[in-house]
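The values are calculated or read from the model by the stated rules, or taken from the named source; none is laboratory data. None of these values were measured; they are calculated from a predicted model. Ideal geometry is used to build each Cβ from the backbone, glycine not excepted, and the neighbour counts take in all protein chains shown. All accessible areas refer to the heavy atoms of the entire protein, side chains included, with ligands and DNA or RNA removed. Shrake-Rupley method; radii C 1.70, N 1.55, O 1.52, S 1.80 Å.
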Amino acid sequence: MQLDASREPAGCPTALFGLTGDQLAAEMESLGEPGWRGRQLAEGLYRQRVDALSAITTLSKPLRTRLAAEGRQVGRPRIVQVFQSVDGTERYLVQGPADQPGQTVETVWMPEGDDGESGDGADQPQESGEGKPWTRATICVSSQVGCAVNCQFCLTAKLGFQRNLTPGEIAGQVVAVMARHAVEVGRDRLNLVFMGMGEPFLNYDNFMAAVRLLVQEVGLSPQRMTVSTSGIVPGIERFALEPAEFRPKLAISLNAPNDAVRAQIMPINRKWPIESVLEAVSRVNLRPRERITFEYVLLGGVNDAEGQALEVARLIRRAGLPAKVNLIAWNPGPGIPYVTPHPPAVEAFRTRLAAEGIPSYLRRPRGRDIYAACGQLKRTVEG
Ligand code: SAH
Ligand code: SF4
């Protein structure tokens, strides 16, 4: 399925989900209602996670009827298909209210996830809600339908760029999954990673608007959120200016020890080479104990040699940033000409980084049996 790349969304003009508390207040006032009714609406949408106007019982029935008559709806994205892995991972196809059937993005729920937050302080013990089958969880969120960046190893790249998601469509993935698993804000240990389909920094305004909704209205902490970018320098520069109260942690998809290898697997490197990315990253005002994550997809015979681990370590030391490396063995996909690295090579790579003083973590493959690689599920289902 290939759509016109220039097609802009979308979203759903009648959707209330995605509006801030202030915008909801303005909507109410435009109907001649007091502005504080907007707060009640926000409570319903983002805290009680209602998915129909009729369920917002703090609003009078005539008002709910009136909103519906004006064509307004909650309009939160819906989980339209669920795939459950034996390891507890759940993968969803999520669809916005204005989407044609089949225009979906992927969202992933990883209970007890080794999801990239290891070793950065976010994994300190904290009580999770009683009686839940998990003590912590991570939701992996998409930012675009498809992706324009064209990394050679990535399945999402094969979809091409279809469109940007709206703030409501990005935040809505999180709220829909939180509702499904009855996540309690402030009680359960929930992390978000913006590492699903798409390049968040090529949809910067909508991505950051979604983060603000998730912080301000849903009540999640930006210190439990990580955004991953392939190295879009203007995006990183804007990100460095965001106030700490709305700034997630930053991960960079490094994936190579030098520009030559990186340009071969990530053509975007020709536009923004490693040094320019590191320069932009160095402008981010890190919080105490915060580190930059460098993600590294190991491709057999391409970037997984021990000597390359040494090169990565030197590169990171030279950058002089508090950093850690998250390694992940490449998840294979149809029509992609790479091979999964041999397990001993993976271990040697990690050991070498550690010996060089670079904290490194190997991400467990999640949901292998349900096609866990980025973009893989959508391509498998919609074939
Ligand atoms: N576009 C952003 C975020 C989404 S991709 C980015 O590239 O950073 C999230 C991560 O998944 C990236 O680090 C990417 O390198 C990695 N990735 C993509 N395809 C993969 C695959 N087949 N196996 C393992 N990791 C993959
Ligand atoms: Fe896009 Fe990230 Fe995939 Fe590269 S790795 S094509 S930036 S989703």
Considering each residue of the stretch 229-245, count those that are within 10 Å of ligand 1 (Cβ to nearest atom) and not in a loop (DSSP other than H, G, I, E, B), and give that number.
1
Search the stretch 134-170 for residues being more than 16 Å from ligand 2 (Cβ to nearest atom) and part of a helix (DSSP H, G or I), and hand back the single one that is nearest to Ile336 (Cα to Cα).
Glu169
When you look at Val218, is it in contact (Cβ under 8 Å) with a residue 12 or more places away in the chain, part of a loop (DSSP other than H, G, I, E, B), open to solvent by 20 Å² or more (accessible area, probe 1.4 Å) and over 30 Å from Asp259 (Cβ atoms), yes or no?
no
Do we find that Leu213 is surrounded by 22 or more Cβ atoms within 10 Å (Cβ to Cβ), touching a residue at least 60 places away in the same chain (Cβ under 8 Å), within 19 Å of Leu16 (Cβ to Cβ) and within 16 Å of ligand 1 (Cβ to nearest atom) in this structure?
no
I'm trying to understand the selection: among the residues of the stretch 41-66, which are more than 23 Å from Gln95 (Cα to Cα) and open to solvent by less than 30 Å² (accessible area, probe 1.4 Å)?
Leu59, Leu63
Given (1) within 23 Å of the chain's Cα centre (by Cα); (2) more than 15 Å from ligand 2 (Cβ to nearest atom); (3) at pLDDT 95 or above; (4) not aliphatic (A, V, I, L, M), identify the lone condition not met by Asp369.
(3)
Can you tell me which of (1) surrounded by fewer than 22 Cβ atoms within 10 Å (Cβ to Cβ); (2) within 16 Å of ligand 1 (Cβ to nearest atom) is the one Thr226 doesn't meet?
(1)
If we scan the stretch 69-84, do we find a residue that is assigned to a helix (DSSP H, G or I) and out of contact with any helix residue (DSSP H, G or I) (no Cβ under 6 Å at 6 or more places or on another chain)?
yes
From Pro257, Pro248, which residue is within 15 Å of ligand 1 (Cβ to nearest atom), open to solvent by less than 20 Å² (accessible area, probe 1.4 Å), closer than 24 Å to Ala355 by Cα and in contact with a helix residue (DSSP H, G or I) (Cβ under 6 Å, 6 or more places away or on another chain)?
Pro257
Working only within the stretch 139-192, note down all residues that are open to solvent by 10 Å² or more (accessible area, probe 1.4 Å), closer than 22 Å to Leu254 by Cα and not hydrophobic (A, V, I, L, M, F, W, C).
Asn150, Gln152, Lys158, Gly160
For the stretch 71-79, indicate whether the set of residues that are modelled with pLDDT of 90 or more, touching a Cys at 6+ places or on another chain (Cβ under 8 Å) and open to solvent by less than 60 Å² (accessible area, probe 1.4 Å) is non-empty.
yes
